[in-house]
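Structure, as structure tokens:
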Amino acid sequence: MRTTLLTALLLLASPTARAEDKPKADAPKAAPYVHVVIFHVKKDAPKDAVEAMIKDCHEMLAKIPTVRHLRVGRPAEKATELAKKDYQLALDLYDTGIYDAMYLAGLIADDMKMTKKDLRHWIKNAHCPALCEYTVPWVAAGSQHGLELAREWIESEKESVAMAG
């Protein structure tokens, strides 16, 4: 039983956009962030519901001047280079301090390559409960340091760190 996913990727004035992507002519030059939205569509939704959502996203979001690139559609059936685990990209995304990028970093992190230093850096810089309770512990649990760090963190006097333990 598989649910259909609809993914919308908005690159808001992104300097990291690929050359083959055609930005809007009047779009700003600077880039504050990339925003990814994932919709889980119920399996009993009408068959044309996903296509209607995709069409609506293109029509509505294309009108926003700061949206430089828009990719909306169903997820790939198979993993691609962009969907695979990427240790360095995860570290770089997390270091932006932007919640969406930090969350995405947790999804693409190669858990087994994460060092204790990396994981301690992540929990130190986690600035909301979602990152402290879910993103960082999830990645830590998949690493070879998970149990050791969980025991260390749960004893922390800092509540945001203890949540990860």
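Listed values, structure above:
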item: Residue in the range 82-101 that is in contact (Cβ under 8 Å) with a residue 24 or more places away in the chain, touching a Ser or Thr at 6+ places or on another chain (Cβ under 7 Å) and hydrophobic (A, V, I, L, M, F, W, C) present; result: no
item: Pair list, Cβ < 7 Å and 6+ apart or interchain, from the range 121-132 residues that are within 10 Å of residue 102 (Cα to Cα) to residues that are at pLDDT below 90 and small (Gly, Ala, Ser); result: 126/160
item: Selection count where residues are touching a Phe, Trp or Tyr at 6+ places or on another chain (Cβ under 8 Å) and more than 15 Å from residue 151 (Cα to Cα), scope the range 122-138; result: 7
item: Residue list for the range 128-165, filter: of a type in the set (S, T, N, Q) and at pLDDT below 90; result: 160
item: Condition check for residue 60: at pLDDT 80 or above, over 30 Å from residue 112 (Cβ atoms) and surrounded by fewer than 12 Cβ atoms within 10 Å (Cβ to Cβ); result: yes
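The values are calculated or read from the model by the stated rules, or taken from the named source; none is laboratory data. Keep in mind that this is a model prediction, so the values were computed, not measured. All Cβ positions, glycine included, derive from the backbone under ideal geometry; neighbour counts span all protein chains shown.
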